[in-house]
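To start, the structure itself, in structure tokens.
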Amino acid sequence: MATSNVIDFASAKRKILAKRAAAARAAQPAYDPFESPLLKAYAAKLDPEMLRIMRTAVADGYAQGKTTGSIVASVRRDAVRQAARAAL
């Protein structure tokens, strides 16, 4: 019965890199798309529900690597849906 003393370096490297990535994510502050003074002033004028929709769409789009145009289109679709629900 032979035992293997071979080290799987690729697996060990993946584990180390995963731990480093998790530590880096934990050290970063949460992303707030409305942190600039101009966007803060704009956000202050919005309905709280619409602001929530916009924050979610921008943060999700940013995390998924979407283009600005597709994020804007998503926000517009959500705004139309919200307006339609309010009209009912």
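Given the options ARG25, ARG81, ARG20, ARG55, name the one that is part of a helix (DSSP H, G or I), at pLDDT below 85, among the charged types (D, E, K, R) and loosely packed, with under 10 Cβ neighbours inside 10 Å.
ARG25
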For MET50, only one of the following conditions fails: (1) within 17 Å of the chain's Cα centre (by Cα); (2) surrounded by 15 or more Cβ atoms within 10 Å (Cβ to Cβ). What is its number?
(1)
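Taking the conditions exactly as written (over 21 Å from GLY65 (Cα atoms), at pLDDT 70 or above and polar (S, T, N, Q)), does SER11 satisfy them or not?
Values: over 21 Å from GLY65 (Cα atoms): yes; at pLDDT 70 or above: yes; polar (S, T, N, Q): yes.
Yes: the conditions hold for SER11.
Considering the stretch 28-39 alone, what residues qualify as being at pLDDT below 75 and of a type in the set (A, V, I, L, M)? Show your work before the answer.
Within the stretch 28-39, the first condition is being at pLDDT below 75, and the residues that meet it are 28-34.
Across the stretch 28-39, the qualifying residue is only ALA30.
Filter the stretch 58-78 for residues that are of a type in the set (Gly, Ala, Ser) and touching a helix residue (DSSP H, G or I) at 6+ places or on another chain (Cβ under 7 Å); which is modelled with the highest pLDDT? Give the steps one after another, and end with the answer.
At the first step, the residues of the stretch 58-78 found to be of a type in the set (Gly, Ala, Ser) are 59, 61, 63, 65, 69-70, 73-74.
From what's left, touching a helix residue (DSSP H, G or I) at 6+ places or on another chain (Cβ under 7 Å): 61, 70, 74.
Values: GLY61: 83, SER70: 90, SER74: 86.
Taking the candidates together, the pick is SER70.
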Find the residue count for the stretch 34-52, including only residues that are under 19 Å from GLN82 (Cα atoms) and not in a helix (DSSP H, G or I).
3
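The values are calculated or read from the model by the stated rules, or taken from the named source; none is laboratory data. In this text, all values refer to a predicted model and were calculated from it rather than measured experimentally. Backbone-built Cβ (ideal geometry, glycine too); neighbour counts: all protein chains shown.
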